[in-house]
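Comments concern the structure below.
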Amino acid sequence: MDISFVILVEMLYAIASLVLISAGLAVVFGMMKVINLAHGEFMMMGGYATITAVGLGVNVFIAMLIVAPLVVGLIGLVVERLVIRHLYGRLVDTMLATWGLSLVFIGLATMIFGNTTTGISTPIPGFTVGAYQINGYNFFIIVMAVVLVIALYAVLKGTRAGLIARGTMQRSDMAAALGYSPDRIYMATFFFGSALSGLAGAILAPLVGLVPTSGGAYIAKAFITVIAGGPSLIAGLVSSATSFGLVNQIFTFAVSPVIGEVALLIAAVILLRAMPQGITSRFFKGKL
Amino acid sequence: MERSAKRDVVVTLIVSAILIAVMPMLIGTYTLTVLVIYGMLGLSLGLIWGFGGILCFGQAAFFGLGAYVYAIAAVNIGESTLPMILAVLLPGAFAAVLGAVMFYGRLTDVYLGVITLVVTLILFKFINSTAGPQYVIGDARLGGFNGIPGFQTLNVPGDSGAYIWGDAYFYVCAVALVIVFLLVTWLLRSSFGRIAIGIRENETRMALIGYDVAARKTVLFAIGAAIAGLAGALFANWAEIVTPNLFSLGQSAEIIIWCIVGGLGTRLGPIVGAAGLAYLKFLLGQQSMIDNTLIMGLVLVIFVLFLPRGLVPAVGSLWHASVGRTARRRPANRRMRRARHG
């Protein structure tokens, strides 16, 4: 009984962390068709922003939920203006340029924070279920992922800004004809996506020791989840995070964590081979 | 056609002979050896990406595989000739299987990138986790993140006591690069190469003309991997240790940067890019003011933004413009834009 509860929590946690890791990239790629390979570094910077803010005496939740997204969003804004806006519509070129950016950020972080591991302790204590100890922070991550997905859906579907953004991504010329500036909307969307990445990095920061290169651990997973998700933003994100999270945890419990990771990657290869356009090209078609 | 091919070979041989003779006076042969090896690695991606339109994010996988195959085989056999051959064949075979899975599934573009990236990651994670004593192939312990040290390095075929090292090893690597370069030249001049370029330009058209696009892409992919495997084996000999870092994302990134900076769709570009940037990195490594990664990143961003065709084509067109001839049109240059979206 206890063990099944623990496994359930672990599975939900694996899915939730995949959703968090991929959300920012899903917005940037799913809507703008920009593959941001610096996504992992945006998360890394979110983590550093949190740790720095906490070090300056800011409350840890304010640092995670407000400071980090703002800081990373602003960095994203600068990046969009300087580099990415010249490359819209050139998929491979954006990929390469953002890869270069990721190296730049790693270099900068190394110069500023040094090549050492930093971290903060988790702000929520753990508790025991029967004979097992559960990290209380895992629940926070699960809740945050659910809130994030609902908020994303509400903003994109419910608000005028979301409507305009979605319209512009579909037909930027029509949006321009109706009097909206696609340039501005792209800028805002990229800001939004970067802020999400920063938020995810901040939320996950207490769980990992942060080094300048820790973005690399996220980018592959995020990339795989988003690509496997396919054209629908939220349905794709949730469905592919769920399938990969399940595969990962099943093999982690059955064999070992390393095999779990490898199983996730192999599942991704098989999935992409079977559905080259992603899950939502076959299921949940036309959903947001 | 026949005559220009011959002239090409002669020019290549003369230029490379001069370079092999002159360069050791400028840079130490130890450094030079690794530049040559990186040049070969760059050429391997330049072939499949620049001429085949296959953007492989995991060329490092084949490089690392070549190095590991060599190391494992060398430990078991104790002589270097067969391991060298295996280090070329196995990555090629692996790429053929992987390529068949991808190309017969009609994967292109980003999806291709993701799969190759993922395969590299799988290898990296797997090799990294093999620290325990139960991971043994023959006499060779995989050694996890510590890698495999102390294997038999290159020797004169048939005589396992006669090691080739130092200056002699540099000449072996340089000659190997020249041979690979000539083979690539020959391949691109053959009908196979021309059809590969045709596929890069327009896959549907080539399929409709009646060529088996998937099979041809698979073969090209395997050839590229075999060259990368050879480079990996040479690297293993140079470093005298193989570690999982050979498979890392950073390594894959670097190969792509070399190709972009040097110039895609040229044979020389990736070699120049690889050797040049590796040397730059070597020089930068001697100072600690500015982080190395930062500069590599900036170089990539700046090239994508301002010089997306790369150095070699840019210098080439500059040369033609300044000399003022109505130079031979260089088709490779015109095609650059599209090639990168294959």
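A few notes on this one:
- If the condition is being closer than 10 Å to residue B:301 by Cβ, in a helix (DSSP H, G or I) and at the interface with chain B (Cβ under 7 Å from one of its Cβ atoms), then segment A:69-101 contributes A:96, A:97, A:99, A:100, A:101.
A quick yes/no check of all residues on (1) within 12 Å of chain B (Cβ to nearest Cβ); (2) modelled with pLDDT of 85 or more; (3) closer than 20 Å to residue A:6 by Cα; (4) crowded, with 20+ Cβ neighbours inside 10 Å:
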position: A:239; (1), (2), (3), (4): no, yes, no, yes
position: A:255; (1), (2), (3), (4): yes, yes, yes, no
position: A:274; (1), (2), (3), (4): yes, no, no, no
position: A:277; (1), (2), (3), (4): yes, no, no, no
position: A:281; (1), (2), (3), (4): yes, no, no, no
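- Matching residues, segment B:307-322, being within 18 Å of residue B:272 (Cβ to Cβ) and part of a helix (DSSP H, G or I): B:311, B:312, B:313, B:314, B:315, B:316, B:317, B:318, B:319, B:320
- Those residues of segment B:236-266 which are away from chain A (no Cβ under 13 Å), surrounded by fewer than 24 Cβ atoms within 10 Å (Cβ to Cβ) and either in contact with a Lys or Arg (Cβ under 8 Å, 6 or more places away or on another chain) or of a type outside the set (A, V, I, L, M) (or both), in sequence order: B:238, B:240, B:243
- Residues that are in contact with an Asp or Glu (Cβ under 9 Å, 6 or more places away or on another chain) and β-branched (Val, Ile, Thr) occur at least once in segment B:206-224.
- Scope segment B:152-170; condition in a loop (DSSP other than H, G, I, E, B) and either of a type outside the set (A, V, I, L, M) or more than 23 Å from the chain's Cα centre (by Cα) (or both); matching residues: B:152, B:153, B:156, B:157, B:158, B:159, B:160, B:161, B:162, B:165, B:166
- Taken together, the criteria place residue B:301 among residues that are part of a helix (DSSP H, G or I), within 14 Å of chain A (Cβ to nearest Cβ), aliphatic (A, V, I, L, M) and crowded, with 16+ Cβ neighbours inside 10 Å.
- Segment B:141-191, subset among the aromatic types (Phe, Trp, Tyr) and surrounded by fewer than 15 Cβ atoms within 10 Å (Cβ to Cβ), residue farthest from residue B:83 (Cα to Cα): B:186
- Residue, surrounded by the fewest Cβ atoms within 10 Å (Cβ to Cβ), within segment B:195-216, restricted to residues that are aliphatic (A, V, I, L, M) and within 17 Å of residue B:264 (Cβ to Cβ): B:197
- Scanning segment A:27-62 for residues that are among the small types (Gly, Ala, Ser) and either surrounded by fewer than 24 Cβ atoms within 10 Å (Cβ to Cβ) or within 14 Å of chain B (Cβ to nearest Cβ) (or both) returns A:30, A:38, A:40, A:49, A:53, A:55, A:57.
- In segment A:124-156, residue surrounded by the fewest Cβ atoms within 10 Å (Cβ to Cβ) [restricted to those that are touching a residue at least 60 places away in the same chain (Cβ under 8 Å), of a type outside the set (A, V, I, L, M) and farther than 24 Å from residue A:24 by Cβ]: A:130
- In segment B:76-97 there is no residue that is out of contact with any Gly (no Cβ under 9 Å at 6 or more places or on another chain), surrounded by 23 or more Cβ atoms within 10 Å (Cβ to Cβ), within 14 Å of chain A (Cβ to nearest Cβ) and not aliphatic (A, V, I, L, M).
The values are calculated or read from the model by the stated rules, or taken from the named source; none is laboratory data. Quick caveat: nothing in here was measured; it's all calculated off a predicted structure. FYI the Cβ positions are ideal-geometry reconstructions off the backbone, even for glycines, and counts take in every protein chain you see.
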